[in-house]
Amino acid sequence: MNKAMKIMLAAAALTLSAGIAFNATADTAKLDQLLQQVKKERTVEGRVNQEREREFLSARADKQALLSSAKKQLAAEETRGKNLQKQFQENDSLIASKQQELESALGTMGELFGVVRQSANQSIGAITSSIISAEYPDRDVPLRTIASATELPNLSEMEDLWLALLTEMTESGKISKFDAEVVKLDGGSETQRITRFGSFHLTTDSEYLVLDKDTDKVQPLGRQPQSKMHNSVAEFEKASAGELAGLYVDPTKGNSLLRLNQQRSTLFEYYQAGEEVGYIITVVFFLGLLLGLERFITLTVVGGKIRGQLKNLANPSSANPLGRILKVYHDNKNVDAENLELKLDEAILRETPKVERGIGIIKLFAAVAPLLGLLGTVIGMIQTFQQITLYGTGDPKLMAGSISLALVTTALGLIAAIPLLFVHSFVSSKAKSILHVLDEQAAGIIAAHAEKEKA
């Protein structure tokens, strides 16, 4: 672009020079000078063009060298690509072959993996619920890792499974003592010395303990078992080395029976199930017992006084029935035997109600108690049928309260009636023995008086 401009400038200059030559007379020196200048600029421009041509030829050689290098690199990469494609096909075939070999080799290993996972899954529940975990916690952590793994277990993981099962097996046959934190029922906790009897149950020095599966904490039973079972714990702990001591053991492991024992009702709870009918039976029972006790004491005292009076028949006392009868005899010695017999019979009849007072009521209470129990049974059955009508038979617990009422009141009625019958029989026999003494003495007096009349 610059070269063309310069040529045009030169042409313009020549034209201008020619015009000047034709139009006017010009200075020859100036024309020569202009010519020299044009020649000089032409020479400079030639040099510049030559320099540019040399630079272009040099750059062209470099570009040609780069092009040749790129072509060689392209050919090398194409050759390398063909080799890699060939190697890829060979590797693909090798992988398929090795995969078949792996599947063939994993035939039994796959089954082993399934067995290991299944064993781990089954062992987690058993170990978590085992009371051995109270002494050896966190044994289920490696088992959970094995159970959730998607790859074949390694040797270390299989050893963890083996050690967990071996620990459970060996420790289940040992009696071990260890210190552990025990959560109290009031919410606090303290470290206590615990005795573990294999995998059966845990105890302190005086009570049974359980392992809470949800919190993995040791805690006492909500309600200790019956006294004979509860006391066996202290007796076992107090036993010296080599001494035999009995202890109640839960054979179901995990304290299933001990936990169920917590739901067992106490005698007082059974009694409360009888409700109002049960309370009435209780009142009748205690009234009968109190009346029987009063009659027993009274008749015992009267019997003692009569035995004392028998030793001194000549001095009758009005403080006892026999003395009062004897006074009737002494007051009527002069009457005939028939009238004396009537008077003595009258005296005995006066004493009989005092001696037999309340005995009939005891017998009445003994008869009423089972009838009240039967009433409670009928009421409980009525309530049971009402609940069946309302709620159906899907949940037996809904009917348990009414059935308890029916059974408990029956039991309470029998429990009250049986002792009252014995009390009535015992008190009645004492009253009869007193009346027998009075009849005997009256008959003897009448016989002696009749003999005197005959004499």
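Within region 314-334, can you find the residues that are part of a loop (DSSP other than H, G, I, E, B), among the aliphatic types (A, V, I, L, M) and at pLDDT 80 or above?
A319
Could you identify the single residue in S97, S69, S93, S130 that is within 30 Å of I175 (Cα to Cα) and hydroxyl-bearing (S, T, Y)?
On inspection, the qualifying residue turns out to be S130.
Cβ-Cβ distance below 6 Å, separation of 6 or more or different chains: which pairs start in region 433-455 with a residue that is over 16 Å from L313 (Cβ atoms) and at pLDDT below 85 and end on one that is assigned to a helix (DSSP H, G or I) and not acidic (D, E)?
A450/A337; E453/A337
Show the residue pairs meeting these rules: Cβ distance below 6 Å; 6+ apart or different chains; first residue within region 415-429 and hydroxyl-bearing (S, T, Y); second residue modelled with pLDDT under 90.
If the second residue must be modelled with pLDDT under 90, the pairs left are S428/I359.
Quick check on region 114-141: of everything there that is under 20 Å from the mean Cα position of the chain (by Cα) and of a type in the set (G, A, S), which residue is surrounded by the fewest Cβ atoms within 10 Å (Cβ to Cβ)?
Top of the filtered list is G125.
Taking L166 as meeting all but one of (1) assigned to a helix (DSSP H, G or I); (2) open to solvent by 80 Å² or more (accessible area, probe 1.4 Å), write down the number of the exception.
(2)
Looking at (1) more than 60 Å from the chain's Cα centre (by Cα); (2) farther than 20 Å from K452 by Cα; (3) among the aromatic types (F, W, Y), can you tell me which one F296 breaks?
With (1) more than 60 Å from the chain's Cα centre (by Cα); (2) farther than 20 Å from K452 by Cα; (3) among the aromatic types (F, W, Y) applied to F296, the lone miss is (1).
Looking at K363, is it surrounded by 13 or more Cβ atoms within 10 Å (Cβ to Cβ), over 24 Å from S428 (Cα atoms) and modelled with pLDDT of 85 or more? Steps first, answer last, please.
Details: surrounded by 13 or more Cβ atoms within 10 Å (Cβ to Cβ): yes; over 24 Å from S428 (Cα atoms): no; modelled with pLDDT of 85 or more: yes.
Answer is no for this residue.
For the structure I just gave you, tell me whether D345 is open to solvent by 30 Å² or more (accessible area, probe 1.4 Å) and in contact (Cβ under 8 Å) with a residue 60 or more places away in the chain.
Numbers: open to solvent by 30 Å² or more (accessible area, probe 1.4 Å): yes; in contact (Cβ under 8 Å) with a residue 60 or more places away in the chain: yes.
Yes: the conditions hold for D345.
Among the listed residues V218, V233, which satisfies the condition of being closer than 18 Å to V249 by Cα and either among the small types (G, A, S) or assigned to a strand (DSSP E or B) (or both)? Step through it out loud before you land on a result.
On the way: V233 fails: either among the small types (G, A, S) or assigned to a strand (DSSP E or B) (or both).
Within the list V218, V233, the selection yields V218.
For region 176-219, give me the residue count where each residue is of a type in the set (A, V, I, L, M), in contact with an Asp or Glu (Cβ under 8 Å, 6 or more places away or on another chain) and open to solvent by 10 Å² or more (accessible area, probe 1.4 Å). First the steps, then the outcome.
Initial filter on region 176-219 (of a type in the set (A, V, I, L, M)): 180, 182-183, 185, 194, 202, 209-211, 218.
So of that shortlist, the ones also in contact with an Asp or Glu (Cβ under 8 Å, 6 or more places away or on another chain) come out as 180, 182-183, 194, 218.
Keeping just the survivors that are open to solvent by 10 Å² or more (accessible area, probe 1.4 Å) gives 180, 183.
Of the residues in that region, 2 qualify.
Among the residues that make up region 60-77, is at least one of them part of a loop (DSSP other than H, G, I, E, B), of a type in the set (G, A, S) and at pLDDT below 75?
Kept after step one, since they are part of a loop (DSSP other than H, G, I, E, B), are these residues of region 60-77: none.
Scanning region 60-77 turns up no residue that is part of a loop (DSSP other than H, G, I, E, B), of a type in the set (G, A, S) and at pLDDT below 75.
So, of the residues in region 205-256 that are in contact with a helix residue (DSSP H, G or I) (Cβ under 8 Å, 6 or more places away or on another chain) and among the β-branched types (V, I, T), which turns out to be modelled with the highest pLDDT?
Filtering first and then ranking leaves V218.
The values are calculated or read from the model by the stated rules, or taken from the named source; none is laboratory data. In this text the structure is predicted, and so the values were computed from the model without any measurement. Cβ coordinates were reconstructed from backbone atoms using ideal geometry, including for glycine residues, and neighbour counts include every protein chain displayed. To get the accessible areas, we keep the full protein, side chains included, count just its heavy atoms, and leave off ligands, DNA and RNA. Shrake-Rupley method; radii C 1.70, N 1.55, O 1.52, S 1.80 Å.
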